[in-house]
Every structure is written in structure tokens, then in C-alpha cells.
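Only one structure is covered here, and it is reproduced in the block below.
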Amino acid sequence: SVPPVSREHAIWREVVEVMDRWTARGIHLDGIGPQTFSFIEAMLDQWLGGDITPIPLVWAIWGYHPMPDILNMVPVSGDIEAVRRWKARAAAYPDAVQQRVYELYLPTLEYWPDDYHYQNKTRKNDLAFLQGLTTTQVHAIAQVLFARNRQWFTGDSNLLKNLSRLEIAPSNLIERLESALYPTTDGDFLRRQHETITALARETLALART
């Protein structure tokens, strides 16, 4: 679950019962994450105020980002009007949010393109280092591009699909990211990966500064 609802909370007994009922009918539920009204409202206040600190959760690679969940809520019962209010608030994208995203992620894109160690690790085929750095840079590129388009980062799931919907982005973004992320066996992949990610980082920086 997403804090503050812990496994000790009484609501979890209801959650387990609901999941068991659906399982008995042959329907698998991926999971249920109960959240309190006060938690959702606190997240809205925090994130709209520019404090966009993801919540560290084991199932969220880059941390839990609450705003996409709020925007994608589909009320089926209960206080439907409250959900509408939350979605209306989450539809905003304040300047403070864009500025904070830039503060957090532009340094990654500024630092690595000309870094000697990055070039050296590429020549030495340091796979573990390079794959970690590549995904870090792809995440920073995505965060900055969503901010440049004044949209909330959608999370790590289906990231390329969501990036493809952005109006402001480097040319052929998805094709280039796929070529950098999907390894080949020709021995020249890491060099091409370095060139592609470095170029995308520079182009994303330029878009953020316009």
C-alpha cells in the first residue's frame, strides 16, 4: 500500500476479503492499495506546492508519483465528488513544479555528456555501470520532457508509450531510445548507446532552456 495505510490498518482485512472473493470467481487482482482521504489531499498540497518527492516503494523503480494515480482515478462508489475535486486540482501544473523538476534532473543531463569516465567506461565495456547510467539518464530525460510539456511524470510503467504523446520532444525520440535500450550483439552497441543518449541529453537540455 501507499503510506500512511500500513498493513496493520483494519482496512486490510476488507482488502483481503475482496481479493479472495474475486479470486474465487477466477478473477486475478494485481493488487489493491488503500489510501486515506487525508493522504491524497496532503499529496495534492505537497506536489502542487513544488515538493515533488517520490515515495520510495519496492514496486516503483523511481519511486511512487501520486499525481498520475489521482488523474487516472475512476470513481465507482462513495464520495464521487471528492474524486472530481482531486482530479481538477491535479490537472494543474504550477510553475514551481516545472522549476523543481529542472533543479532535480537537469544536472544529470548537464554533467554526463562530456564526462571522461562515461567515455572511458564505454571503451572498457563496463556493462553494469553503463546500463545503470543509461537508465538514470533516460529517467532524467523523461522527467525534463514531461516538465517542458507541463505534464506530470507518468511513472516508470509504459514510459516510452507515454513519452510518444508529448508534443515537445527531440526528433525520433522513441526510435532513438529503443535503439539505445535494446542491446545488440554486434560489439559496437555501447558506443552507439553512448552517442545516442549523449545527443538526447543535449537536445533535451536545449528544449528545457527555450
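The values are calculated or read from the model by the stated rules, or taken from the named source; none is laboratory data. Source: prediction; values computed, not measured. Here the Cβ is made from the backbone with ideal geometry for all residues, glycine too, and neighbour counts use every protein chain on show. The accessibility values were calculated without ligands, DNA or RNA, using every heavy atom of the protein model including side chains. Shrake-Rupley method; radii C 1.70, N 1.55, O 1.52, S 1.80 Å.
Among the residues in the range 188-198, are any of a type in the set (Lys, Arg) and touching a residue at least 24 places away in the same chain (Cβ under 8 Å)? Within the range 188-198 (the criterion being of a type in the set (Lys, Arg) and touching a residue at least 24 places away in the same chain (Cβ under 8 Å)), the answer is yes, since at least one residue qualifies. Applying the criterion of being open to solvent by less than 80 Å² (accessible area, probe 1.4 Å) and either without any contact (Cβ under 8 Å) to a residue 12 or more places away in the chain or hydroxyl-bearing (Ser, Thr, Tyr) (or both) to the residues of the range 57-78, the residue that is farthest from Tyr102 (Cα to Cα) is Gly78. Summed over the range 103-122, the residues that are surrounded by fewer than 17 Cβ atoms within 10 Å (Cβ to Cβ), of a type outside the set (A, V, I, L, M, F, W, C) and in contact (Cβ under 8 Å) with a residue 40 or more places away in the chain give a count of 2. From the list Val83, Val97, Val76, the lone residue that is of a type outside the set (S, T, N, Q) and over 23 Å from the mean Cα position of the chain (by Cα) is Val76. Of all the residues in the range 32-56, those that are open to solvent by 50 Å² or more (accessible area, probe 1.4 Å) and part of a loop (DSSP other than H, G, I, E, B) number 6. Within the range 81-102, the set of residues being under 16 Å from Arg150 (Cβ atoms), among the aliphatic types (A, V, I, L, M) and free of Cβ contacts under 8 Å to residues at least 60 places away in the same chain comprises Ala91, Ala92, Ala96, Val97, Val101.
Scanning the range 176-210 for residues that are under 16 Å from Gln131 (Cα atoms) and outside any helix (DSSP H, G or I) gives Tyr182, Pro183, Thr184, Thr185, Gly187, Asp188. Taking the condition of a type in the set (A, V, I, L, M) and either in a loop (DSSP other than H, G, I, E, B) or in contact with a Cys (Cβ under 9 Å, 6 or more places away or on another chain) (or both), does Ile168 pass? For Ile168, the condition - of a type in the set (A, V, I, L, M) and either in a loop (DSSP other than H, G, I, E, B) or in contact with a Cys (Cβ under 9 Å, 6 or more places away or on another chain) (or both) - is met.
For the range 164-197, a tally of residues being among the hydroxyl-bearing types (Ser, Thr, Tyr) and within 21 Å of Asn149 (Cα to Cα) returns 2. The listed residues are Val18, Val74, Val2, and the only one of them that is touching a strand residue (DSSP E or B) at 6+ places or on another chain (Cβ under 9 Å) and modelled with pLDDT under 90 turns out to be Val2.
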